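A short worksheet on the structure shown next.
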Amino acid sequence: MATETPVLELRAVDVAYHGDIRILQGMSMAVRPGKITGVIGPNGAGKSTALRTLYGLLKPVAGDVLVDGEVVTGMPPWRFIERGISLVPQNRSLFNELSVEDNLQLACWSFRRDKARVAEALERAYAQFPILKDRRTQYAGAMSGGQQRFLELGRALALQPRAVLLDEPTAMIAPKLAAEIYEFIHGLPKQGITVLLVDQNVRQCVRVADHVYVLELGRNKIDGSASDFTKDADLRNLIAEWVDYRIDA
Amino acid sequence: MEILVLNGIVNGLIVGGIYALIGMSLTLLYGVLRIVNFAHGEFVIGGSFLAYALFSNLGLAPLFSLPVAALSFFAMGWGAYYLLLPRLQKSDDPEIMSFLMMYGVSIALAAVMLLIFEADSRSIDYSFTPISMKVGPIYVSTARIVAFGIVIVLAAALTWFLFRTLPGKALRATIMNPEAIKIVGVDVVKLSAFAFALASAIAGVTGVLVALVFPAFNPFSGAEYSIIGFIVVVLGGLGNPLGALLAGILYGLAEQLATVFLPQAMAPIVGFGILVAVILIRPTGLMGWRAQR
Ligand SMILES: Nc1ncnc2c1ncn2[C@@H]1O[C@H](COP(=O)(O)OP(=O)(O)OP(=O)(O)O)[C@@H](O)[C@H]1O
Ligand SMILES: [Mg+2]
């Protein structure tokens, strides 16, 4: 079976923050088009670092980053947005003392002079998350954690990306709302949006993902299709051991 | 006595307006670029010398030097950014490196001004007619009144730009969350170059106003304005332009009123006294904003 060219790919990358401690070592990862790719692993495994590298926020010291099969190592984040890729990072990425609407407007920076397109992008975010419309004149920092998450998701999706990178989108969010967010993520491929989902919630991640990577200490531990993960008891136990979480629990 | 106090207040507002502009541009640089611009005072004095040179060589009145300073300093700032910053970014601690680098730039700029203009104190031998105006019971030089009017227009324009336009909001957004501005797809290199150019332009224009308001300047006056700028930035809260505006005016008032009540030599000590008090009592600045890092 010929595999499609990944939308995004890491090829044997080494990544360091400061000095020469390599946080990622020879990591590889492919984000398959139209699918949900999951990434799991214990705290500090390098999941966020991998995502930030895939988005140009960090430059690998070795190895390559690819978009649509083209090597783009060292490309700045705004060029990723131009190529239809958005990131919702693990840490809050809002501008707290700007209004909800200003936060959305800033996401339209690259086409800010095209007023019609900006208005359309804002409408799209408001249609997807009506709460944002009600709160549009409020400071982003004045909203609840869950609402802020919606704003981040709305902001990423307002640009009609081809692919979104989501880093623990439901962390610190009430279970009911989290379930809604997973539903939402699950529906993204039907809208033609490719997803890379980093999650601590292994069970949910394996449930919505098509393909799952397990990372450990900056390296690939194992990866496989989601069905392998749910069917194979050995694999399940292995993950339970690494991630300290049982998929079948 | 009342006249003296009134004099102190009026002059405090005028001088404070100048300090506010210096502080606003300096705090913008720090907030957006994390650059501690030790050479900011030399940028300012460079503007004063530009106005001086244009007047003594071409007879151009200081008011006409304002747009010249704005444009030329904007262009120089833009160029300097692309020259200096890539070198900074390579360092492990760009913030400390920026301090050292800009300290070097400050010495170099002072030396260049010394070469061109020599060490004598200069002033622009230009006067408005009438030379002074009556404000209530006191007389204020027309040059100071004109300068104050320009300060108000500039401060208002800058505030409008920062709070009402998208590029201005992008600059503030960078101060609030420097990583997020990259994530939403703003080309931070270009935005930073713009911030550096804008801050340089404000410094240059402020320099022209310094030449109008203060009796004289020389190639070494820059250090004094840098220090006042830093005091204002800390008083206003790091990276807080509105705080700097307020702090600049308060600092100017304190300094000028101090000359009314205290011996002349004490005036600079008052400034430091305020700084120390604020650092001890309200380390986040007068407006109490958390330092957004
Ligand atoms: N800004 C940084 N500077 C230096 N080291 C960092 C930085 N961010 C992360 N690290 C280190 O990189 C390693 C991987 O961190 P990363 O955030 O990628 O892990 P993670 O898998 O996302 O963990 P979590 O599940 O807790 O989010 C950790 O050892 C961490 O200490
Ligand atoms: Mg993480």
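Step by step: find N for the protein assembly as shown, compute 2.2 N^0.38 Å, then divide the Cα radius of gyration by it. What's the final number?
Dividing the Cα Rg of the protein assembly as shown by 2.2 N^0.38 Å gives 1.16.
Students often get this wrong: which residues of the stretch B:191-210 have the backbone nitrogen under 18 Å from the point 7 angstrom along Cα-to-C-beta of B:V112?
B:196-208
Which of B:H40, A:L66, A:L94 sits closest to the plus end of the dipole of the protein assembly as shown, meaning its Cα is farthest towards the positive end, when Lys and Arg get +1 and Asp and Glu get -1 on the C-beta?
So the residue furthest toward the plus end is A:L94.
Rank-order B:205-212, A:194-201 by packing density, defined as the average count of other C-beta atoms within 10 Å over each peptide's residues, highest first. Numbers along the way, then the final one.
Values: B:205-212: 28.5, A:194-201: 23.4.
Those peptides, ordered most packed to least, come out B:205-212, A:194-201.
Treating only the Cβ atoms of Lys and Arg (+1) and Asp and Glu (-1) as charged, compute the dipole magnitude of chain B about its Cα centre; round to the nearest 20 debye. Each step should come with its number before you reach the end.
Working: 14 positive and 12 negative charges, 161 e Å.
For this selection, approximately 780 debye.
For helix B:188-213, report the angle its Cα long axis makes with the longest principal axis of the Cα atoms of chain B; keep it between 0 and 90° and round to the nearest 10°.
With both axes taken from Cα atoms, the answer is about 10 degrees.
Quantify how strongly other chains surround peptide B:183-195 by giving the mean number of their Cβ atoms within 10 Å of each of its Cβ atoms.
On the way: counts 17, 20, 17, 9, 7, 3, 2, 1, 1, 0, 0, 0, 0.
Mean inter-chain Cβ contacts per residue within 10 Å come to 6.
Assign unit charges at the C-beta atoms only (+1 for Lys and Arg, -1 for Asp and Glu), then state the dipole size of chain A relative to its Cα centre in Debye, rounded to the nearest 20. Walk me through the numbers on the way to the answer.
Numbers: 30 positive and 30 negative charges, 114 e Å.
Roughly 540 debye for chain A.
Place a point 7 Å from Cα of A:R219 in the direction of its Cβ. Which residues in the stretch A:28-50 have their backbone N less than 20 Å from it?
Taking a point 7 Å out along Cα→Cβ of A:R219, the residues of the stretch A:28-50 whose backbone N falls under 20 Å are A:28-30, A:39-50.
Among the listed pairs A:K59/A:K190; A:K176/B:K169; A:K35/A:K231, which have their C-alpha atoms separated by more than 25 angstrom in this model?
Those over the limit are A:K59/A:K190; A:K176/B:K169.
I'd like the FRET efficiency for B:V189 and A:K115, computed as 1/(1 + (r/R0)^6) with the beta carbon distance as r and R0 of 22 Å, rounded to 0.05.
0.30
In peptide A:105-117, how many Cβ atoms from other protein chains are near each Cβ within 10 Å, on average?
Partner-chain Cβ atoms within 10 Å, mean over residues of A:105-117: 3.
HN-Hα J couplings of the stretch B:143-158 from phi, Karplus 6.51/-1.76/1.60, θ = phi - 60°, integer Hz, Gly and Pro as x?
4, 5, 5, 4, 4, 5, x, 5, 4, 4, 4, 5, 5, 5, 5, 5
Based on the mean of other Cβ atoms within 10 Å per residue, sort peptides A:87-97, B:181-191, B:158-168, B:94-104 so the most packed one is first.
My ranking of the peptides, most packed first, is B:181-191, A:87-97, B:94-104, B:158-168.
What angle, in degrees between 0 and 90 and rounded to the nearest 10, separates the Cα long axis of helix B:222-236 from the longest principal axis of the Cα atoms of chain B?
Result, in degrees: 70.
Nothing charged except the Cβ atoms of Lys and Arg (+1) and of Asp and Glu (-1): what's the magnitude of the dipole of the protein assembly as shown about its Cα centre? Round to the nearest 20 debye.
My answer is approximately 880 debye.
Say the dipole of chain B comes from +1 at the beta carbon of Lys and Arg and -1 at that of Asp and Glu; which of B:T206, B:F74, B:V105 then lies farthest toward its positive end?
With unit charges placed on the Cβ atoms, the residue in question is B:F74.
Mean residue ellipticity at 222 nm from the helices of chain A, using -39,500 (n - 2.57) per DSSP H segment of n ≥ 4 over the full residue count, to the nearest 500 deg cm²/dmol?
For chain A, the value works out to -10500 deg cm²/dmol.
Within 10 Å of each Cβ in B:170-182, how many Cβ atoms from other chains are there, averaged over the peptide?
Per residue, the number of nearby Cβ atoms from other chains is 6 on average.
Rank-order A:209-219, B:4-14 by packing density, defined as the average count of other C-beta atoms within 10 Å over each peptide's residues, highest first.
Top of the packing list down: A:209-219, B:4-14.
Using only DSSP helix segments of four residues or longer, with each worth -39500 (n - 2.57), what per-residue ellipticity at 222 nm results for chain B after dividing by its residue count and rounding to 500? Could the numbers behind the result be given before it?
Values: 11 runs with 220 residues, N = 293.
For chain B, the value works out to -26000 deg cm²/dmol.
The stretch B:72-146: which trypsin sites (Lys or Arg not before Pro) are DSSP loop and have at most 15 other beta-carbon atoms within 10 angstrom?
Passing both the DSSP loop test and the Cβ count: B:K90.
Which residue, chosen from B:A155, B:A195, B:G273, occupies the Cα position most advanced towards the positive end of the dipole of the protein assembly as shown, where the dipole is computed from +1 (Lys, Arg) and -1 (Asp, Glu) charges on Cβ about the Cα centre?
B:A155
For A:A62, what charge total do you get from the other residues with a beta carbon under 13 Å from its beta carbon, if Lys and Arg give +1 and Asp and Glu give -1?
0
Readers should treat all values here as calculations from the given coordinates under stated rules, not as data from a laboratory. Keep in mind that what you see is a predicted model, and the values were worked out from it rather than measured. Heads up, the Cβs are rebuilt from the backbone with ideal geometry, glycines too, and the neighbour counts pull from every protein chain shown.
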